[in-house]
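J.: Quick one: this structure, given as structure tokens, is what I'll be asking you about.
Bear in mind these aren't lab numbers, they're just calculated from the coordinates by the rules spelled out. No experiment lies behind these values; they were computed from the predicted model shown. Don't worry about glycine lacking a Cβ; one is built from the backbone with ideal geometry, like all the others, and counts go over all protein chains shown.
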Amino acid sequence: MEFKKGGHLYGLHRVIEPQGVLPQSSLKLDNSAPAYDNEIVVEVETLNIDSASFHQIMGEVGRDEAKVAARIEEIVAQRGKMQNPVTGSGGMFIGTVRGLGPNYKGPEGLKVGDRIASLVSLTLTPLLLESVDKVYLDADQADVTATAFLWPSSPIVRMPDDMSARLALSVLDVCGAPAQTVRLAEGASRMLVLGMGKSGMICAAAARDAMGPDGVICGYDLRDGNLSVMKEEGIINDFRTGNAKNPAQVLEQVSEMIDGGLFDVVINTCNVADTEMSAILACKDRGRVYFFNMATDFSKAALGCEGVGKDVDLLIGNGYAHGHAQMALELIRDYPAVRAQIEKLFC
């Protein structure tokens, strides 16, 4: 396989415009072959689109597989990567390694033919997309014919062999959230998970693991399907249902679960906009709010926090933490109910 020279550790060699920015901030990436000498070439099978991005696209074009596929193809054609221009978010992929540049310094032992998942966002991944072949409207996924190029600073993981590719992809897409949840659980006795989709369920399991049986973990979502299962399994203590865009209603409902009090930690995993203040109001003074929600408007969060006189720490949902992939996979092995719900709803 032919390789070009001059690859940069952080992918600056792929930035077309504007020059000088990192790939994630760029408006357009060079997604052409051949690869550079510090890259791997991956034959991509499936894209897992960030939930906020996928739902924004469906809101724009309708619940139509062909139209969603066309919109994904349009975005990649314009930008050289899958980065939703409205939400700014991307997702991740699974695929098979087809080439290793001579100066690629990635995971030890990685070889051609290995099936991998990217642990870096599609917002900074050069993607040469030939076609979107199948869209899964309820899983936020799309099977594609495509090639991706990754440099050494882009983390990847080999696919596990004890679960389906779709299950692993669904879990790995949100694996930063449970790792951060475990850190935030330290010293906390009461935690609220706002939004109980796949990331919310895994975060709740991570919180239960970290806080033990004495920790109070509550959930909130528009629907009670996942919430009921999580309560039956003892992962959460209690839950309420409602619209997370209505902060006054959310505050009233969630405080009922802890005798009128507030939470030490609030994890916001909603996939819609305008839920910032619901998370903030539910948090006690000097508590912490973690936004693992790419629809978050951080100006609204910061200014809204000032507006209601809340002295809380607002944390951006960093999708990377050391060991986060294996931690998330172990959680769904250890919590069969969470695994079953994700398989039922997203695979």
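J.: With both bridge residues required to lie in the chain, what share of the DSSP beta bridges run antiparallel, to the nearest 5%? Please list the in-between numbers first.
T.: On the way: 33 of 57 bridges.
Taking every DSSP beta bridge with both residues in the chain, the antiparallel ones total about 60 percent.
J.: Given H placed on each backbone N at 1.01 Å, which residues far from residue 36 in sequence or on other chains put an amide H within less than 5 Å of it?
T.: Counting only residues 5 or more places away or on other chains, the set is 4.
J.: Given labels modelled 7 Å from the Cα in the Cβ direction, how far is it in nm from residue 311 to residue 1?
T.: 5.6 nm
J.: So if each residue of separation counts as 0.36 nm, and I subtract the Cα-Cα distance between residue 299 and residue 345, what length gain in nm does that give?
T.: Values: separation 46, 0.36 × 46 = 16.56 nm, distance 3.26 nm.
Additional length available on full extension: 13.3 nm.
J.: Taking the number of other C-beta atoms within 10 Å as the exposure measure, put 324, 55 in order starting with the fewest.
T.: Working: 324 23, 55 16.
Ascending number of Cβ neighbours within 10 Å: 55, 324.
J.: Which chymotrypsin sites (Phe, Trp or Tyr not before Pro) in region 1-61 sit in a loop by DSSP (not H, G, I, E or B) and have at most 13 other Cβ atoms within 10 Å of their own Cβ?
T.: Working: sites: 3, 10, 36, 54; in loops: 10.
Within region 1-61, no chymotrypsin sites (Phe, Trp or Tyr not before Pro) qualify (loop, at most 13 other Cβ atoms within 10 Å).
J.: Note down the relative contact order for region 3-159 as a percent, whole number, built from C-alpha pairs under 8 angstrom at least six residues apart.
T.: On the way: 375 pairs, mean separation 47.6, N = 157.
So the answer I get is 30 percent.
J.: Can you compute the helix-only [θ] at 222 nm over the chain? Use -39500 (n - 2.57) per DSSP H run of at least 4 residues, normalise by all residues, nearest 500 deg cm²/dmol. Working shown, then result.
T.: Numbers: 11 runs with 114 residues, N = 347.
Counting only the DSSP helices, I get -10000 deg cm²/dmol.
J.: Okay, moving on. Just want the ordering: 245, 198, from fewest to most Cβ atoms lying within 10 Å of their own Cβ. Spell out each step's value before the answer.
T.: On the way: 245 16, 198 25.
By the 10 Å Cβ count, ascending: 245, 198.
J.: So what's the angle, to the nearest 10 degrees on a 0 to 90 scale, between helix 176-185 and the longest Cα principal axis of the chain?
T.: It works out to around 30 degrees.
J.: Net charge near residue 215, counting Lys/Arg +1 and Asp/Glu -1 over other residues with Cβ under 13 Å of its Cβ? Could you put the intermediate results ahead of the total?
T.: Numbers: positive: 190, 208; negative: 186, 209, 214, 238, 264.
Here the charged neighbours net out to -3.
J.: Restricting to Cα pairs below 8 Å that are 6+ residues apart, what does the relative contact order work out to for region 245-309? Please round to a whole percent.
T.: That works out to 35 percent.
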